[in-house]
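Asks: Please find one structure pasted underneath; my questions will follow.
Quick note: the coordinates plus some simple rules give every number you see, no bench work behind them. Every value quoted in this text rests on a predicted model; they were computed, and no experiment measured them. We place every Cβ from the backbone using ideal geometry, glycine too, and count neighbours over all the protein chains shown.
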Amino acid sequence: MSTSSALLEALNTTPLYKWHLEKGAKMVPFAGYEMPLQYPSGIITEHNHTRKEAGLFDVSHMGVIKIKDDPEHIWVLERVIPADIKEMLPGQMKYGLLLSEDGYIMDDLIISRFDDYFLLVVNAGCKYQDFDYLKRFLKCEMLEDFALLALQGPKSRSVMQSLCPEATALTFMTTSIFRVMDKEVLISCSGYTGEDGFELIVPAEIAEKVANALCADSAVLHIGLGARDSLRLEAGLCLYGHDMDLTQTPVSASLAWSIGQRRRREGDFVEDEKILAELAQGTEMKRVGLKGLSKAIAREGAAIYDRGEKIGYVTSGVPSPSLGYPIAMGYVPSSLATLGTALEVEVRGQRYPFVVTKMPFLKQNYYRG
């Protein structure tokens, strides 16, 4: 047996694994799972189709953690996630950062509130670490036997109309439980492409039926990890472990907006004094968007230069299918983070011009009602 075959045998699979193979997916290792990188249509086609019509993504490798809604748990959650959780209403969702005890980013996540519990959707590569960390402070449960599907794109709302018309009333960052194929399915208006769309937490036993029902619509194409990465980067969205990690704080990662206003006033979260001081005074390094002025593609790890001096590094980069030029994220000194700052990125031993630019790179099209 080859090394690659042995590796794939050791990987986890999602409930849609055989479905991906039947669709001709190229499978690759990702965060401990065997996942579809692309289908025969190719990454560029998948990317453009999602921007113009609708794409279906399997993101079942993500973790879903359930926590009882009570005052003690809310206090603990707000200690380690500096978002305004206490004032969330049932059916609301928020983006948040899970902080380590020394105030660095352990993970980013989406938290949803229901009538008597919270759900945290966390990154695949961090889910067991996150679960172990949280259960030190509160009672929580890792959900199993589910598939997590993301339907994304401007036609996703009309596609959802045929599967669950009631869900089309959802607006961005709201969620509810619906009856689909005689099963309870949690559907949210959310996603990681910058487009209108939905995410569905589906019992594993009906995952293929739901995927097939959605793909029966001619507007829907199945989409792999390759296009998911270029779509999220155009939308200015971070990938944990790349664009931020345990070496970054919310402020240096340019994610300070996730810290609620009440939390800024009251503090009472891990390393609040340090993080609030950074909010006021800034940090040495800061995550920025970069636009390429040539065809050179800045990939993760590439060095960033200012007037011949190495001053930073790239964390993500792709040739943008929608914009027609290279885009990237990276860390540079805060003094150079001003929009329009001219820099250079080293690509295969040569330096090419890039400019600090605003994010998202592409207009976000979330449905807010």
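Asks: Given axes a ≥ b ≥ c from the Cα gyration tensor, I'd like to know whether segment 205-361 is rounded (a/c under 1.5), prolate (a/b larger than b/c) or oblate.
Replies: The shape class here is oblate.
Asks: Right, another one. Can you check what the net charge comes to around Asp132, using other residues whose Cβ is under 15 Å from the Cβ of Asp132 (Lys, Arg +1; Asp, Glu -1)?
Replies: Around Asp132, the charge tally is 0.
Asks: Counting alpha carbon pairs within less than 8 Å and at least 6 residues apart, what relative contact order, in whole percent, applies to segment 284-357?
Replies: 40 percent.
Asks: I've got another one for you. Which three extents, in whole angstrom, do the alpha-carbon atoms of segment 284-357 cover along their principal axes, largest first?
Replies: Its Cα atoms span 32, 24, 18 Å along the three principal axes.
Asks: Provide, in order from the shortest bin, the percent of all Cα-Cα pairs of the chain in each 20 Å bin, continuing until the bin that contains the maximum pair distance.
Replies: Reading upward from the zero bin: 28, 59, 13, 0.
Asks: So if I average 1/r over every pair of distinct C-alpha atoms in segment 259-320 and take the inverse, what Kirkwood radius in Å does that give?
Replies: For segment 259-320, the Kirkwood estimate is 14.6 Å.
Asks: Whole-Hz Karplus ³J(HN,Hα) for segment 360-369, in order, using 6.51 cos²θ - 1.76 cosθ + 1.60 and θ = phi - 60°, x for Gly and Pro?
Replies: Per residue, the Karplus-derived 3J(HN,Hα) values read x, 5, 10, 4, 7, 10, 5, 8, 10, x Hz.
Asks: Now, a different point. Determine the distance separating the Cα centre of segment 335-349 from the Cα centre of segment 132-178; give it in Å without decimals.
Replies: The distance from the Cα centre of segment 335-349 to that of segment 132-178 comes to 38 Å.
Asks: Classify segment 64-220 as rounded, prolate or oblate, taking a ≥ b ≥ c as the square roots of the eigenvalues of its Cα gyration tensor: rounded when a/c is under 1.5, otherwise prolate if a/b is larger than b/c and oblate if not. Could you put the intermediate results ahead of the total?
Replies: Numbers: a/c = 1.95, a/b = 1.89, b/c = 1.03.
Since a/c reaches 1.5 and a/b is larger than b/c, the shape of segment 64-220 is classed as prolate.
Asks: Extension gain Lys66-Ala342, at 0.36 nm per residue separation less the Cα-Cα distance, in nm?
Replies: Result for the pair: 94.8 nm of gain on full extension.
Asks: Sorting Ser190, Ser112 on the 10 Å Cβ count, fewest up front, what's the list?
Replies: Ser190, Ser112
Asks: Please list, in chain and number order, the residues 5+ apart from Val345 or on another chain whose amide H is under 5 Å from its amide H, with Hs placed from the backbone.
Replies: Tyr305, Tyr352, Phe354
Asks: By its C-alpha gyration tensor, with a ≥ b ≥ c as the square roots of the eigenvalues, how is segment 322-369 shaped: rounded for a/c under 1.5, else prolate for a/b larger than b/c, else oblate?
Replies: Cα axes put segment 322-369 in the oblate bin.
Asks: If you don't mind, another one. Got a sec? How would Val314, Val121 order by Cβ neighbour count within 10 Å, fewest to most?
Replies: Val121, Val314
Asks: Counting alpha carbon pairs within less than 8 Å and at least 6 residues apart, what relative contact order, in whole percent, applies to the chain?
Replies: Working: 816 pairs, mean separation 62.9, N = 369.
So the answer I get is 17 percent.
Asks: Which cross-chain or sequence-distant (5 or more) residues have an amide H under 5 Å from the amide H of Gly312, H modelled 1.01 Å from N in plane?
Replies: HN-HN under 5 Å from Gly312: Ile304.
Asks: For Met27, Met160, what's the fewest-to-most ordering of other Cβ within 10 Å of each Cβ?
Replies: So the ranking, lowest neighbour count to highest, is Met27, Met160.
Asks: What percent does the relative contact order of segment 83-199 come to when contacts are Cα pairs within less than 8 Å and at least six residues apart?
Replies: Working: 168 pairs, mean separation 22.6, N = 117.
Across segment 83-199, relative contact order equals 19 percent.
Asks: How much mean residue ellipticity at 222 nm does the chain get from its helices, if each DSSP H run of length 4 or more adds -39500 (n - 2.57) and you divide by all residues, to the nearest 500 deg cm²/dmol?
Replies: The per-residue figure over the chain is -6500 deg cm²/dmol.
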